[in-house]
């Protein structure tokens, strides 16, 4: 029984045990001496310990205080980050690819994903992207509309331009939809390519998405060697976006609040303030 | 005033200490004697903790740290009087109504 009561007493917080532990132990010894120690006392001590631990030390109030404080702090920090983040816009152009049917040459059937993939890869080679960078002065590159730089002219400059091209590629996203396997509203009868371009300038994103799409269209003409057996055409050009797609400031603020509150509650649970005992 | 009933452990402890200082086991025995209720050790010391926090009781200096006695403070005495008066009112009303029923 003694071992059980000792175990049950562990439910009390240490500061409570240092103040009342000896007295409670003595009371249990006295009870035991008079034959009054019972198993239900063990449960009574356990229950008392849990009550003191979770209400006497105001753990709920502490968790609420810490949670709210850290939540607001998180809100401020994440809010500052959200405000510092530049707006990013995106625009997308939809193209469809068709191949003339070989039997009678009159109708078209959807172009395969692989065929369109090859054309898009050729259309968006480093040379073509470097030309666009020079044309629009992207990524801090000087605008040279009349004499766009061609890769291979100057090895040192090639490295700088290649870095800009890599940056440009990160902002371009091309998605392929196959009419047989993928679901896209426009891919019921045709193979579809969606070109998305992302940038901080809302006017520029639409222009560049359309320019890239135009390069793909021109490449498809080269592919068919002017016979018209294969073509990729723009069906839905990019429009200037009205609002940025990123950052989602509301979501960032909510994350800040949630993360802060979580950290605060964790701190409150692990660093419980010692009980304010009367003496 | 805080609502209380006759089996409220804090009221029982206050009542037990009304006639003088007692340590934990003596309070438990006393309550069993006058109220027929055996407070468990956890319940008793939970009540003692709360009463001490509210400064309604206070420990008395003792040579035996393990059997530290407690006594009522003046605030505790006042509180006990209020609670008992309230209970008395309930008891009187109940008895009077039973008589007329």
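The values are calculated or read from the model by the stated rules, or taken from the named source; none is laboratory data. Computed from a prediction, not measured in an experiment: that's the story for all the values here. Here Cβ is always computed from backbone atoms with ideal geometry, including for glycine, and neighbour counts include all displayed protein chains.
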For a quick check of your reading of the model, give me the residue pairs whose first member lies in segment A:17-29 and is more than 9 Å from chain B (Cβ to nearest Cβ), whose second is buried (at least 17 other Cβ atoms within 10 Å of the Cβ) and not in a helix (DSSP H, G or I), with beta-carbon atoms closer than 9 Å and at least 6 apart or on different chains. A:21/A:12
Name, by its number, the condition in (1) part of a helix (DSSP H, G or I); (2) over 13 Å from the mean Cα position of the chain (by Cα); (3) at the interface with chain A (Cβ under 8 Å from one of its Cβ atoms) that does not hold for residue B:46. (2)
Select from segment B:10-26 the residues that are more than 9 Å from every other protein chain (Cβ to nearest Cβ) and in contact with a strand residue (DSSP E or B) (Cβ under 8 Å, 6 or more places away or on another chain) and list them in ascending order. B:13, B:14, B:16, B:17, B:18, B:20, B:21, B:22
Give just the number: which of (1) more than 8 Å from chain B (Cβ to nearest Cβ); (2) surrounded by fewer than 18 Cβ atoms within 10 Å (Cβ to Cβ) does residue A:71 not satisfy? (2)
Per the filter on segment A:100-153, residues within 26 Å of residue A:177 (Cα to Cα), within 30 Å of the chain's Cα centre (by Cα) and modelled with pLDDT under 85 are A:113, A:114
Starting from residues that are surrounded by fewer than 17 Cβ atoms within 10 Å (Cβ to Cβ) and in contact (Cβ under 8 Å) with a residue 24 or more places away in the chain, keep the ones in segment B:20-53 and report whichever is nearest to residue A:31 (Cα to Cα). B:37
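Considering only segment A:47-58, I want to know if a residue exists there that is buried (at least 18 other Cβ atoms within 10 Å of the Cβ) and without any contact (Cβ under 8 Å) to a residue 60 or more places away in the chain.
So far as segment A:47-58 goes, yes, one or more of its residues are buried (at least 18 other Cβ atoms within 10 Å of the Cβ) and without any contact (Cβ under 8 Å) to a residue 60 or more places away in the chain.
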Being within 12 Å of the chain's Cα centre (by Cα), surrounded by fewer than 17 Cβ atoms within 10 Å (Cβ to Cβ) and modelled with pLDDT under 95 narrows it down to one of B:86, B:6, so name that one. B:6
Taking residue B:31 and the conditions (1) facing chain A (nearest Cβ under 9 Å); (2) at pLDDT 90 or above, which numbered condition does it fall short on, given that it satisfies the others? (1)
Filtered residues of segment A:207-240 (kept if in contact with a strand residue (DSSP E or B) (Cβ under 9 Å, 6 or more places away or on another chain) and on the phi > 0 side of the Ramachandran plot): A:228
Does residue A:88 count as surrounded by fewer than 18 Cβ atoms within 10 Å (Cβ to Cβ), within 30 Å of residue A:232 (Cβ to Cβ), in contact with a strand residue (DSSP E or B) (Cβ under 7 Å, 6 or more places away or on another chain) and modelled with pLDDT of 90 or more? yes
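Residue by residue, here is whether (1) farther than 24 Å from residue B:60 by Cα; (2) facing chain B (nearest Cβ under 9 Å); (3) without any contact (Cβ under 8 Å) to a residue 60 or more places away in the chain holds:
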| site | (1), (2), (3) |
| --- | --- |
| A:3 | yes, no, yes |
| A:7 | yes, no, yes |
| A:13 | no, no, no |
| A:43 | yes, yes, yes |
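Restricting to segment B:52-78, and then to whatever is in a helix (DSSP H, G or I) and touching a strand residue (DSSP E or B) at 6+ places or on another chain (Cβ under 9 Å), can you tell me which residue is farthest from residue B:16 (Cα to Cα)? Let's see the steps before the verdict.
First, the residues of segment B:52-78 that are in a helix (DSSP H, G or I): B:52-53, B:65-67, B:74-78.
With the extra rule that they be touching a strand residue (DSSP E or B) at 6+ places or on another chain (Cβ under 9 Å), the set shrinks to B:52, B:76.
Working: B:52: 15, B:76: 12 Å.
The residue in question is B:52.
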